[in-house]
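These notes concern the structure reproduced below.
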Number of protein chains: 2
Amino acid sequence: MSQYRTFTADDAVAYAQQFGGLADPAELVRAEEIGDGNLNLVFKIYDRADRSRVVVKQALPYVRCVGESWPLTLDRARLEAQTLVEHYRHCPQHTVNVIHYDAELAVMVMEDLSSHQIWRGELVKNIPYPQAASQLGYYLAQTLFHTSDFYLHPHKKKEEVARFINPQMCEITEDLFFNEPYIGHEHNAYPAQLEEDVLALRHDDELRIAVASLKHRFFAHAEALLHGDIHSGSVFVAENSLKAIDAEFGYFGPIGFDVGTALGNLLLNYCALPGLLAPREAAAGREQRLLDVKVLWLAFVERFQALAVEKTRDVALAFPGYASAFLHKVWQDSVGYCGTELIRRTVGMSQIADMKTISDEAMRVECIRHAISLGKTLILAAPHVEDIDALLARIRQNG
Amino acid sequence: MSQYRTFTADDAVAYAQQFGGLADPAELVRAEEIGDGNLNLVFKIYDRADRSRVVVKQALPYVRCVGESWPLTLDRARLEAQTLVEHYRHCPQHTVNVIHYDAELAVMVMEDLSSHQIWRGELVKNIPYPQAASQLGYYLAQTLFHTSDFYLHPHKKKEEVARFINPQMCEITEDLFFNEPYIGHEHNAYPAQLEEDVLALRHDDELRIAVASLKHRFFAHAEALLHGDIHSGSVFVAENSLKAIDAEFGYFGPIGFDVGTALGNLLLNYCALPGLLAPREAAAGREQRLLDVKVLWLAFVERFQALAVEKTRDVALAFPGYASAFLHKVWQDSVGYCGTELIRRTVGMSQIADMKTISDEAMRVECIRHAISLGKTLILAAPHVEDIDALLARIRQNG
């Protein structure tokens, strides 16, 4: 059994030579550490022709951006690798391929995605990827349906729930999504000008009860093996290609959490665009984002529905009409979790490039204010928004 | 480590001498096997003065009433013992005390409850236990609150969910509650005269979708450590005392399943009483059962609410008003699961003494017909029945 040590660039090259599954491993010569996340070392491994060939990712035993004072379990590397392996099994075209992983070293070797870009960066630059929204919806349907009670044998499902309990990573979500933005907390990172808006969240009883309910469902509703953090920074895109990465938050939770996170990042970009682009481009970009929201949801729901008809194995859940009824609950959950994503990304700790890139300070504050307001609206409206068109109408109403 | 062998009466005595925690173990001299359930050997262990002193319960590796052709995991003995230990921790006054258990032998030693009677038998004879309904509501609140996300640390909760996965026993419930009564199945045991009533269940689309949703919640909603089978045959009563036993179906599931099962058994008795008693006594008994239903629910909800105010440890779920909002969902779940209990005990495999004791055949059929009809009404009405008084009104309407 291997013993944990933090990899150097040379370690990463040697590891990729051994476990990268390449026909010409001796060609690998150097590694570049590119981790811009908070939790891991990420090495691109290059060959003699200076082409990157595979990626080596290693979990660090603490939160990187905070330091060793915030320790974090290495078991998340196992959870990430196993989540990606499961998702790849059901949606290879949109899940990064894990070539090898080692739980003790908390390391995995993955396919190189240098031909792709992180979607968030492209959204910030308003570069269109016409297939991305439908591809992400398809990914969510494939991965979530096949790990749900519709498809898994009940014995297998229960074993999988136990295999994927993820206490430490879930705790981060539990705190960052559902606690900190709604109480005074040192992690919060909103502009001082928005103090009143943030205080209004704290003092909105109906909102706080709705957020408690969303947190409770995040705790208790083991509906499917979630990605757990499927924001636009966890998605690589290229022309007609999309790949999900970074699944260390994977666990069995409510399907609407994944769907809502994905929708929320499109809406965060929607709120940010007036600060990123000239007015005419911003208006067109925003229309595109709303279309993306609609396309993502419809791609998800249509694919899930089709899978339910074709492949449901549970005799009771297969009854005609049940999948639709369930998907309506998923819809309500999705709208609510979408709202929490908007608020945790603006009020809370995990600020995003969409907003940070806005150079005009006043404009940035207004865009953030809009996202907070929209987030609140969505959380409160979630049980009442009938369908995707009603959602888009609400979003337009909100400004 | 001990190795599994089926206990003889002598084995049971020797085991009780060793592990019964008695000051005078040598006094134990004989065992009587009293298991009337389907799954286990149950020995009462007597001393020289012919007083029963402790109970030894051993799980058999198959379903007793069917035989060795239906094998069943011995791990259920661990799950039962651990569920009872957890419940005893939070409600010692209403949970049988497990003195010792051994996972390998699938055996446990429990306190003797010879001073008590099985509640179902007393209900059949219409013998009043004025405290029983409120005590059972209290037991449900204590055990379910303290194993829920309101109280358990999120790390601990996730570990407990994994420790208590119970695939084989859950599968029995999944089949017997949610599948077999709604499809043609050889296990079903309703009177031939009710074929049309049963066919009507199968062909009621709205009902089938509602049952699918209840099954899905049984699969996925890990709200608290349930007893899992808290019918009136799993409850011992005496004057001013109540003890829950038989927790081999324990797992983390929807709180409303336990509450609904408990309510359902009172209503099954309500439906049976006209066949068990003379008209005037039956009418009075039925009023008492409806009062029991109300008292049980109110005792549960008031105690859960009080615990939520005093002892909720999760900062978001502690927000004032959230517990009430959640308990309204528990209410809706309870009404739905109550309906499935009525149907699975009449249409399905697990027939009950309340009905079987009715000697007049035509009357027995009518009582069963009433229970099926009420079960269907409750499943369909569950999302719309506002509160306990509205439920009682519906029950009276139903006849």
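The values are calculated or read from the model by the stated rules, or taken from the named source; none is laboratory data. Everything quoted here is computed from the prediction, not taken from an experiment. Every residue, glycine as well, gets a Cβ built from its backbone with ideal geometry; the counts of neighbours run over all protein chains shown. SASA here: full protein model, heavy atoms, side chains in, ligands and nucleic acids out. Shrake-Rupley method; radii C 1.70, N 1.55, O 1.52, S 1.80 Å.
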Meets criteria (in the same structural domain as B:W297 (by TED's automatic domain parsing), open to solvent by less than 50 Å² (accessible area, probe 1.4 Å) and either of a type outside the set (D, E) or out of contact with any helix residue (DSSP H, G or I) (no Cβ under 9 Å at 6 or more places or on another chain) (or both)) for B:S334: yes
Tell me which residues, restricted to the stretch A:115-172, are farther than 26 Å from A:E302 by Cβ, among the polar types (S, T, N, Q), more than 9 Å from chain B (Cβ to nearest Cβ) and open to solvent by 50 Å² or more (accessible area, probe 1.4 Å). A:S115, A:Q117
How many residues does the stretch A:55-105 contain that are closer than 22 Å to A:I230 by Cβ, of a type in the set (D, E) and either open to solvent by 50 Å² or more (accessible area, probe 1.4 Å) or in the same structural domain as A:A244 (by TED's automatic domain parsing) (or both)? 1
Return the residue satisfying two criteria in turn: it lies in the stretch B:254-301 and is small (G, A, S) and touching a residue at least 60 places away in the same chain (Cβ under 8 Å), and of such residues it is farthest from B:L342 (Cα to Cα). B:A299
Inside the stretch B:221-272, can you point out the residues that are over 21 Å from B:Q117 (Cβ atoms) and small (G, A, S)? B:A222, B:A224, B:G228, B:G250, B:G253, B:G256, B:G260
A:F145 being farther than 30 Å from A:Q288 by Cα and not charged (D, E, K, R): no
Unique match (being modelled with pLDDT of 95 or more and either within 7 Å of chain B (Cβ to nearest Cβ) or part of a strand (DSSP E or B) (or both)) among A:L207, A:L214, A:L242: A:L242
Just the residues that are within 14 Å of another protein chain (Cβ to nearest Cβ) and either under 18 Å from B:A133 (Cα atoms) or basic (K, R) (or both), please, taken from the stretch B:305-329. B:R313, B:K329
Only listed residue being more than 10 Å from every other protein chain (Cβ to nearest Cβ) and crowded, with 24+ Cβ neighbours inside 10 Å, chosen from A:L225, A:L201: A:L225
Is the stretch B:265-287 home to any residue that is within 14 Å of chain A (Cβ to nearest Cβ), in a helix (DSSP H, G or I) and open to solvent by less than 10 Å² (accessible area, probe 1.4 Å)? no
With respect to A:P181, determine if the residue is away from chain B (no Cβ under 14 Å) and either touching a strand residue (DSSP E or B) at 6+ places or on another chain (Cβ under 8 Å) or at pLDDT 95 or above (or both). no
Among helices (runs of 4 or more DSSP H) completely within the stretch A:73-149, the ones holding 3 or more residues that are more than 30 Å from A:D314 (Cα to Cα) are A:75-90, A:119-124
Specify which of the listed residues (B:E195, B:E186) is more than 14 Å from chain A (Cβ to nearest Cβ), part of a helix (DSSP H, G or I) and either open to solvent by 30 Å² or more (accessible area, probe 1.4 Å) or not acidic (D, E) (or both). B:E195
May I ask you to say which residue of B:A318, B:A381 is out of contact with any Pro (no Cβ under 7 Å at 6 or more places or on another chain), open to solvent by less than 10 Å² (accessible area, probe 1.4 Å) and modelled with pLDDT of 95 or more? B:A381
